[in-house]
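Everything below concerns the one structure shown next.
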Amino acid sequence: MRVLVLYYSNTGNTRKVAQALADGLGAELAEITCQTYLRWYGPVAMAWDVFTRHRPPVIVVAPQHAHYDLVLVGGPVWAARAAPPVLSGIGHLPDAGAVALFVTCSGDNPGSPPEPALAEMQAAAARPIAATEVFREADVRGPALAGKVEAFAAAVRVAIPGLAAGR
């Protein structure tokens, strides 16, 4: 079975989780990049996009016409919402039998939970979602990451018939 982990990362946290998931699932890894945010005015554009919900142009470095049995899409939570490049990247998803979502977030403020970001990503995907997971910064930077990644990978394997057998 073909599996792709597609991610956008600004600080490296999401990249770390995406790499661990790709390793754990025997998946290909592809990155969403946003050239606008790399320019001198990138921080201003980023803030504008977060608050206006504008979806910036992105580049998805993944085979365009490939079919995957599963695509996992991940990105950071910014201001309790999905990072705009992730939402743009979801519009470029390769053909997939199933989709799973994950987010990384630094805070644990009950007033700003990360679940709305997952709901926003699900709405952008416009298809059923096999599984979701939140990876907090303490998970990403601590010893719990391997166990949390394996638990999410196990949940994905259960949700996708044949994934465990095809690995």
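Restricting attention to region 41-59, does a residue exist that is closer than 22 Å to residue 131 by Cα and of a type in the set (Asp, Glu)? No, region 41-59 contains no residue that is closer than 22 Å to residue 131 by Cα and of a type in the set (Asp, Glu). Residues in region 1-28 that are closer than 17 Å to residue 99 by Cβ and either modelled with pLDDT under 95 or among the basic types (Lys, Arg) (or both): 1, 2, 3, 4, 25, 27, 28. Among the numbered conditions (1) β-branched (Val, Ile, Thr); (2) surrounded by fewer than 16 Cβ atoms within 10 Å (Cβ to Cβ); (3) touching a His at 6+ places or on another chain (Cβ under 8 Å), the only one that residue 58 does not meet is (2). Would you mind stating whether residue 63 is out of contact with any Gly (no Cβ under 9 Å at 6 or more places or on another chain), more than 17 Å from residue 14 (Cβ to Cβ) and crowded, with 17+ Cβ neighbours inside 10 Å? So residue 63 does not fit the description; no.
Inspection of region 40-50 finds a residue satisfying the criterion of being at pLDDT 90 or above and touching a strand residue (DSSP E or B) at 6+ places or on another chain (Cβ under 7 Å). Checked against the criterion of being touching a strand residue (DSSP E or B) at 6+ places or on another chain (Cβ under 9 Å), among the aliphatic types (A, V, I, L, M) and over 16 Å from residue 14 (Cα atoms), the candidates 90, 129 yield just one match: 129. Annotation note: Cβ proximity below 8 Å between a residue of region 133-155 that is hydrophobic (A, V, I, L, M, F, W, C) and a residue that is assigned to a helix (DSSP H, G or I) and exposed (fewer than 14 other Cβ atoms within 10 Å of the Cβ) (sequence gap 6+ or interchain) occurs for 134/115; 144/138. Flag set for residue 49, criterion: closer than 20 Å to residue 36 by Cβ and acidic (Asp, Glu). Taking every residue in region 87-115 that is closer than 18 Å to residue 151 by Cβ and pairing it with any residue that is part of a loop (DSSP other than H, G, I, E, B) and among the basic types (Lys, Arg), at least 6 positions away or on another chain, yields no pair with a Cβ-Cβ distance below 8 Å.
In region 93-113, the qualifying residues are those that are crowded, with 22+ Cβ neighbours inside 10 Å and within 15 Å of residue 13 (Cβ to Cβ), and the one that is farthest from the chain's Cα centre (by Cα) is 105. Remark: residue 56 matches the filter, which requires a residue to be at pLDDT 90 or above and farther than 28 Å from residue 157 by Cα. Beta carbons closer than 9 Å, at least 6 apart along the sequence or on distinct chains, pair a first residue in region 71-85 that is closer than 18 Å to residue 128 by Cβ and in contact (Cβ under 8 Å) with a residue 12 or more places away in the chain with a second that is charged (D, E, K, R) and assigned to a strand (DSSP E or B) for 71/95; 74/133.
The values are calculated or read from the model by the stated rules, or taken from the named source; none is laboratory data. Because the structure is predicted, anything quoted here is derived from the model rather than measured. Neighbour counts run over all protein chains shown; Cβ positions are idealised from the backbone, glycine included.
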